[in-house]
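Asks: Take a look at the following structure, please.
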Amino acid sequence: MARPGLGLGRILLRSLGFRAVCSSSLTEQAQLLLNNPRTRPVRVEPDLNSFAFRTHTCGELGTAHIGQEVRLCGWVQYQRQDIFIVLRDFDGLTQIVIPQEKSTAHLQKILCELPLESVITVTGTVIPRPPGQANLEMPTGKIEVRMQHAEILNRCRKLPFETKELVKKSEALRMQHRYLDLRSSQMQYSLRLRSQMVMRMREYLCNLHGFVDVETPTLFKKTPGGAKEFVVPSREPGKFYCLPQSPQQFKQLLMVGGLDRYFQVARCYRDEGAKPDRQPEFTQIDIEMSFVDQARIQKLIEGLIEYSWPEEKGDIETPFPSMTYAEAMDSYGVDKPDTRFGMKIIDISEVFRNTEISFLRDILSHPCGAVRVISVADGAKYLKKKDLENLTKLAKAQFNQDLTFVMLQPDGTWKSTIAKILTDVEKLQLCHATNLQKGDVLILTAGDRIKANAALGKLRLECADILESRDVTLRDPSIFNFLWIVDFPLFLPKENSPEEFESAHHPFTAPHPDDAHLIYTEPGKVRSQHYDLVLNGNEIGGGSIRIHNKELQHYVLETILKEDSGLLSHLLEALDSGAPPHGGIALGLDRLIALTVGASSIRDVIAFPKSSRGCDIMSNAPDYVSPEELSPYHIQVNWPAGIHEDTSKS
């Protein structure tokens, strides 16, 4: 487990009468502590038994405790031979020995017939296990507790599934009985690691760098752009709140208010379908700073992640590498590339510039036409005919792109629909451009450069899945590749109306200084001061330097985005009230923790998540309310058949 973090350095200094602002008065050792985020204070073990009526947890007893009388509390994990009970709590397991004397026969009968997962408390003496019976794989495996007294605190009903790790359970069943699923060691580990990482983040931001933790409202108003928001009725006729997608406006207003450095472990909401890495309510580490630029925010976040990173996951290297949006799209086909493996997209347009292959020649005659390819090492061995058919269908269905496969077989012969019309020069150039080896497969597509890149970006990941299903390791789960993506476009053409623009991220993002002059003439060419943080092919954070000038913000909203700036009049007035230059970032906490622990879904690192349909299966939320309860909110509902039928008729 990750170590608990305590902000002892600054606390100790203040308790001794030092002021943090007077760095000259700090001792050399204390100064090193404050300046080096990887320097740890002396670890103070938490008292896990304070305020509880146990003396020890089930995971802490060892040979040093032999002879001591202890009291344990927990759940019955196993029963063996009518002699042993294994007791479990959040901290581990301890084996309990039931006395076999006649005087305790009643106790033996009660405990051995007790259903598993019942809650008991046991008082007894710690004794060594008999020679040869120690369990060295169990932290408490060298000792056991000889029971003197036991009390049943709660008898367990017959459960819908066993809580043991090896028992397979569907996700729906786990979520329906989440309070049972939380007992698993993996859920315990994930939630405790999450807590410890958040604690370290708070320490880094507040104690080491002077950030202020501010809670912002979750009842707000509709805002332009972005994801769909949840609507909340109010008691004023026709007026509604909206749950915020993020504290974006509030944190900017805090900068105008002179808070200088803000952060929040913020709850955010999007009325969208849940996915493995997304759900309707989620948590961000939300950060904003005044008088800062992009490079300094990136440095802050690198230090934050390094400081809070679990030791058992190994060290991470800083600074994180950086890649432009254009480079990411050109080499990986996505703006969140997984750099743990190669298979980059390669432009081979020049190979076919003078080709006799008519469809390639026609495509290259267009200004945006390109021929692009990815190379699958040993693809002839791992990619079956059915795989190639599925890849072809995917490219056609999602991107309207046709594929051509070129295989250099192990015997050196070429296998492809275009093999016979490839000249020797083209084959040689193709081998040189792609470093083609015997047994490799090239996946080639041609057309509009952007569409070709997008198709190959998807196929690259699909090929990785196929190869890994056949025991080829491409994406080592123990490797954590962080990557900054920068220089995004500020605006993108609307999908259904290409002559109009929408924000690539949100309308408060400032233009890149080198492109600021283009915003009034060629807004489609303007890069933004937005930056994303990517981990192993997943976006885990995004932020930007904000527009702090009222006139520019008004122009972006009204002229470029065609949005009603009246919805943001409060923000525009604030920007006109002495707003400092400012910027920030939000880290997706759920996604970061899921990637850190190797969970396949963010639902595995959230205590009470929503299902893929956005429902709480355990409590059956959302649920119906009566017409009487809706009456104060002045709204009418088209009830489904059978719901409130009598009331509706009346």
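Asks: If I ask for residues that are among the charged types (D, E, K, R) and within 27 Å of PHE508 (Cα to Cα), which ones from segment 183-236 would you list? Give the steps one after another, and end with the answer.
Replies: Pass one, segment 183-236, residues among the charged types (D, E, K, R): 183, 192, 194, 200, 202-203, 213, 215, 221-222, 228-229, 235-236.
Matches in segment 183-236: ARG202, ASP213, GLU215, LYS221, LYS222, LYS228, GLU229.
Asks: For segment 492-551, which residues satisfy the criterion of being open to solvent by less than 40 Å² (accessible area, probe 1.4 Å), acidic (Asp, Glu) and within 28 Å of the chain's Cα centre (by Cα)?
Replies: The answer is ASP532, and nothing else.
Asks: Also: Quickly run through segment 226-245 and pick out the residues that are within 24 Å of SER290 (Cβ to Cβ) and open to solvent by less than 40 Å² (accessible area, probe 1.4 Å). Quick ask: steps written out before the conclusion?
Replies: Residues of segment 226-245 within 24 Å of SER290 (Cβ to Cβ): 226, 244-245.
PRO244, GLN245 - these are the residues of segment 226-245 that are within 24 Å of SER290 (Cβ to Cβ) and open to solvent by less than 40 Å² (accessible area, probe 1.4 Å).
Asks: Pick out, from segment 319-408, the helices (runs of 4 or more DSSP H) lying fully within it that include 1 or more residues that are under 19 Å from ILE450 (Cβ atoms). Reasoning before the result, please.
Replies: Details: elements: 325-332, 358-364, 379-382, 385-399.
Helices (runs of 4 or more DSSP H) meeting the threshold: 325-332, 358-364, 385-399.
Asks: Also, quick follow-up: Could you list, in sequence order, all residues of segment 494-521 that are of a type in the set (Asp, Glu) and modelled with pLDDT of 95 or more? Give the steps one after another, and end with the answer.
Replies: Within segment 494-521, the first condition is being of a type in the set (Asp, Glu), and the residues that meet it are 495, 499-500, 502, 514-515.
Of everything in segment 494-521, those that are of a type in the set (Asp, Glu) and modelled with pLDDT of 95 or more turn out to be ASP514, ASP515.
Asks: Please list, ordered by residue number, the helices (runs of 4 or more DSSP H) wholly in segment 120-216 having 1 or more residues that are open to solvent by less than 20 Å² (accessible area, probe 1.4 Å), touching a residue at least 12 places away in the same chain (Cβ under 8 Å) and closer than 24 Å to GLU60 by Cβ. Show your work before the answer.
Replies: Values: elements: 171-176, 178-181, 185-202.
Helices (runs of 4 or more DSSP H) meeting the threshold: 185-202.
Asks: Could you figure out which of (1) touching a residue at least 24 places away in the same chain (Cβ under 8 Å); (2) open to solvent by 50 Å² or more (accessible area, probe 1.4 Å); (3) in a helix (DSSP H, G or I); (4) acidic (Asp, Glu) isn't true of ASP604?
Replies: For ASP604, the failing item is (2).
Asks: I've got another one for you. Restrict the check to segment 393-401 and report whether at least one residue is of a type outside the set (Ser, Thr, Tyr), touching a Gly at 6+ places or on another chain (Cβ under 8 Å), open to solvent by 60 Å² or more (accessible area, probe 1.4 Å) and modelled with pLDDT of 95 or more. Spell out how you get there, then give the answer.
Replies: We begin by selecting, within segment 393-401, every residue of a type outside the set (Ser, Thr, Tyr); these are 393-401.
If we keep only those that are touching a Gly at 6+ places or on another chain (Cβ under 8 Å) too, we end up with 401.
From what is left, the residues that are open to solvent by 60 Å² or more (accessible area, probe 1.4 Å) are none.
No, there is no match, as no residue in segment 393-401 is of a type outside the set (Ser, Thr, Tyr), touching a Gly at 6+ places or on another chain (Cβ under 8 Å), open to solvent by 60 Å² or more (accessible area, probe 1.4 Å) and modelled with pLDDT of 95 or more.
Asks: Only residues that are among the small types (Gly, Ala, Ser) and assigned to a helix (DSSP H, G or I): list them for segment 417-458, please.
Replies: Taking segment 417-458 first, the residues among the small types (Gly, Ala, Ser) are 419, 433, 439, 446-447, 452, 454-455, 457.
Passing the criteria: ALA419, ALA433, ALA452, ALA454, ALA455, GLY457.
Asks: Among residues belonging to segment 465-488 that are more than 21 Å from the chain's Cα centre (by Cα) and farther than 27 Å from PRO319 by Cα, point out the one that is most open to solvent (accessible area, probe 1.4 Å).
Replies: Among those residues, the one meeting the criterion is ASP471.
Asks: Which of the residues belonging to segment 555-601 are in a helix (DSSP H, G or I), over 24 Å from TYR241 (Cα atoms) and open to solvent by 20 Å² or more (accessible area, probe 1.4 Å)? Break it down into steps so the answer makes sense when it comes.
Replies: Filtering segment 555-601 for residues in a helix (DSSP H, G or I) gives 555-560, 565-575, 589-597.
Narrowing the set further to residues that are over 24 Å from TYR241 (Cα atoms) leaves 555-556, 559-560, 589-597.
Matches in segment 555-601: TYR555, THR559, ARG591, LEU595, VAL597.
Asks: Please go through segment 253-282 and pick out each residue that is within 27 Å of ILE602 (Cβ to Cβ), in a strand (DSSP E or B), open to solvent by 10 Å² or more (accessible area, probe 1.4 Å) and of a type outside the set (Asp, Glu).
Replies: Step one: of segment 253-282, the residues within 27 Å of ILE602 (Cβ to Cβ) are 262-282.
Restricting the remaining residues to those that are in a strand (DSSP E or B) gives 262-269, 275, 278, 281-282.
Checking the rest, the ones that are also open to solvent by 10 Å² or more (accessible area, probe 1.4 Å) come to 264-265, 267, 269, 275, 278, 281-282.
Matches in segment 253-282: GLN264, VAL265, ARG267, TYR269, LYS275, ARG278, PHE282.
The values are calculated or read from the model by the stated rules, or taken from the named source; none is laboratory data. Being a predicted model, the structure only gives us computed values, none of them experimental. Positions of Cβ are generated from backbone atoms using ideal geometry, with glycine treated the same way; all protein chains shown enter the neighbour counts. For accessibility, only protein heavy atoms count, side chains too; no ligands or nucleic acids. Shrake-Rupley method; radii C 1.70, N 1.55, O 1.52, S 1.80 Å.
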